[in-house]
Structure formats: structure tokens, C-alpha cells
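For reference, the structure discussed in these notes is given below.
The values are calculated or read from the model by the stated rules, or taken from the named source; none is laboratory data. Everything numeric here is computed off the predicted structure, so don't read it as measured data. FYI the Cβ positions are ideal-geometry reconstructions off the backbone, even for glycines, and counts take in every protein chain you see. Ligands, DNA and RNA are stripped out before the accessible areas are found, and what is left, the full protein with its side chains, is counted by its heavy atoms. Shrake-Rupley method; radii C 1.70, N 1.55, O 1.52, S 1.80 Å.
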Amino acid sequence: LNKEDRQMGKSKVRTLLVACVMIMLCAAMIVGGTYALWSDNVTVENHLTSGTLQVKLERIGLTKTYLDDETGYLVTAGPDTTIVDFTDTNTADDNVFGIEDEKVVPCSEYEAKLRLTNNGDVAFTYDVIIKLNSASNALAEQLKVYIDGEDKGTLDQYAVDGKAVISTQIMAKNDTAKEFTVKIQFINDDDVNNDAQDKEVKFDLLVNAVQKTTAN
């Protein structure tokens, strides 16, 4: 081959090499693009917040017959419709019957009208329990308990673990508030009243609520 033919051959080889390199680069771009699509991803952020079971107990009425410490006579007051929220930390130490320093005597009566509300996110069942929180004695034996006017026996029967005075009621989230009255009455019985002098009793009123998961 002459010099011109050799140079033309080299030129063709270079052209073929360049073409091959371009084809390889294009192929690499195609593969690279395909790989990028297959490596795509989606992220979903999940947020879970737990619900609350919250019972609100309020006194919405109070009527009492109590001993006036100035005159020594029994007097009746009420109904006092001042709302007292027992789930409010500012009033949590108040007692249901608004008893302060007065002494109970035969014929004393304390009746509180209470309202129970579902202030949380879940439905629940509830019981209202009275529990004698001191030793039973002659005074506890002469204090009658009434719920919505129904005689529930004397306070001494509520010793140890207490006793439900309202049992297994259901309250859904959007139910209207439930209202009920609790009355404590010192019975008038000459044969036993003297035995209760200088005695003391302490008792709790508890609302026990448990989440209900189904409507049935």
C-alpha cells in the first residue's frame, strides 16, 4: 500500500473507534437512566396519637339540713346551684356535700345533685361507688344512703371494698351528661341516736370508668 492508502486506512480505523466509543457512551447513558428510575422511592410519614378516657364529675345542686352552730337549731339551705367541678385541681379537695365545720345530728340531711360527662375521646362504662374510709361505728350505722331517692342502706354496709350504688352504665363520646342525686340522712331514732355521739366517719364517692370498645 502507498502512503495515501495507509493514511486512509488509519482514518477509517479512528472513525470506527470513535463510533464505537459513542455507541458505548449512549448505551451507558441509557442504562444509567434506567437504573435511576428503578431506584426511585416514596416515603410516608406516620403519626399516631393516643386517645384519652376522661370523666368529668360536677356538683350542680346542693340542699342541706344542718346544725347552725350559732343557734343550735337545724336549718335548711338550698338548693345551691353553684357548679363545682371535682376534676378541677382547684376544687378537687372539696367534698360532695359542702360540709365545713358543722356537726351532723339526728335529722341532718345532705343531698348533692351530680353531673357526669364524657370529656375524653372514647366510650366507657362506669360505676359509682361509695366506700367507707374509716372504721364502722354507731354513726355509720345511722347514716342512710339514698341514690335518686332510692334507699341504699346505711353507710356501715359500705365498708371494706365499698359498694356500687350505680352499676355498669354506658356513656358514649357524644352522649348527653348523666345526672343523679346522692343523699346522706342521719336517721332519727331515740333508741340508738345517743350511741353515735362524738363519733366520726369518713367515706369516699368514686366513679370507676373503663373503656368500652364496641356498641354492643
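Computed values, structure above
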| quantity | calculated |
| --- | --- |
| Net charge of Cβ neighbours under 12 Å - reference residue 118; Lys, Arg +1; Asp, Glu -1 | +3 |
| Estimated dipole of the stretch 119-214 in Debye, rounded to 20 [Cβ of Lys and Arg +1, of Asp and Glu -1, Cα centre] | 540 |
| Cross-link partners of residue 64 among aspartates and glutamates (Cα-Cα below 16 Å; sequence separation of 8 or more within a chain) | 80, 94, 100, 101, 102, 109, 111, 148 |
| Spin-label model distance (nm) - residue 82 vs residue 101, 7 Å beyond Cα toward Cβ | 1.7 |
| Given 103/131; 144/178; 113/199; 144/173, the pairs whose alpha carbons are separated by over 25 Å | 113/199; 144/173 |
| Accessible-area order (highest first, 1.4 angstrom probe) of the listed residues 55, 42 | 42, 55 |
| Cut-off 15 Å between beta-carbons: net charge of the residues surrounding residue 159, Lys and Arg +1, Asp and Glu -1 | 0 |
| Residue 187 accessible area, 1.4 Å probe, all protein chains in place, Å² to nearest 10 | 40 |
| Highest average packing first - 116-124, 44-52, Cβ atoms within 10 Å | 116-124, 44-52 |
| Sites residue 67 and residue 194 - FRET efficiency at Förster radius 22 Å, r taken between beta-carbons, to 0.05 | 0.85 |
